[in-house]
1. Could you list, in sequence order, all residues of the stretch 42-90 that are part of a loop (DSSP other than H, G, I, E, B) and loosely packed, with under 11 Cβ neighbours inside 10 Å?
2. State all residues of the stretch 91-110 that are part of a helix (DSSP H, G or I), at pLDDT below 95 and among the polar types (S, T, N, Q); if no residue qualifies, say none.
3. Just give me the residues in the stretch 58-92 being among the hydroxyl-bearing types (Ser, Thr, Tyr) and closer than 30 Å to residue 26 by Cβ, in sequence order.
4. So residue 39 fits all but one of (1) basic (Lys, Arg); (2) at pLDDT below 95; (3) within 19 Å of the chain's Cα centre (by Cα); what number is the exception?
5. Collect the residues in the stretch 18-36 that are within 18 Å of residue 76 (Cα to Cα), in contact with a helix residue (DSSP H, G or I) (Cβ under 9 Å, 6 or more places away or on another chain) and either small (Gly, Ala, Ser) or at pLDDT below 95 (or both), keeping them in residue-number order.
Amino acid sequence: MNADSPSQQALEVQSMLFDIINSIKLNEANIMALEAERRRFQLTIAEVNNQQDDAVLYRPVGRAYVMKTKDEILLDINNSIRRCEGELDEQLKKKEVIIKRRDEFIANNQ
């Protein structure tokens, strides 16, 4: 049987399409996780802002808690939100590239 037979080519095309689709699904899962993390940080900021300025606040570190000021905790959370939004932008750009690649692949293999 020839290595370039139509059935072999069809299997390769199908395999590549499944890889692209799996990449899209993984990317969408990452986007959803980052959006959930960002919402969780925003809720945390709202709760921390409800506290008095002199309140004793704790930040989890592994299996322990560290006492921090309200300003330190807000700074940490805002940095985490910026990091999360940066990663989210990266994932959205990556999704566009993957979808474009999928569309080109489908167009070239019809």
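1. The answer is 50, 52, 53, 54, 55, 56, 62, 63.
2. 108
3. 80
4. Going through the list (1) basic (Lys, Arg); (2) at pLDDT below 95; (3) within 19 Å of the chain's Cα centre (by Cα), residue 39 breaks only (2).
5. Within the stretch 18-36, none qualify.
The values are calculated or read from the model by the stated rules, or taken from the named source; none is laboratory data. Computed from a predicted model, the values in this text were never measured in an experiment. A quick note on method: Cβ atoms are made from the backbone with ideal geometry, for glycine too, and the neighbour counts reach across all protein chains shown.
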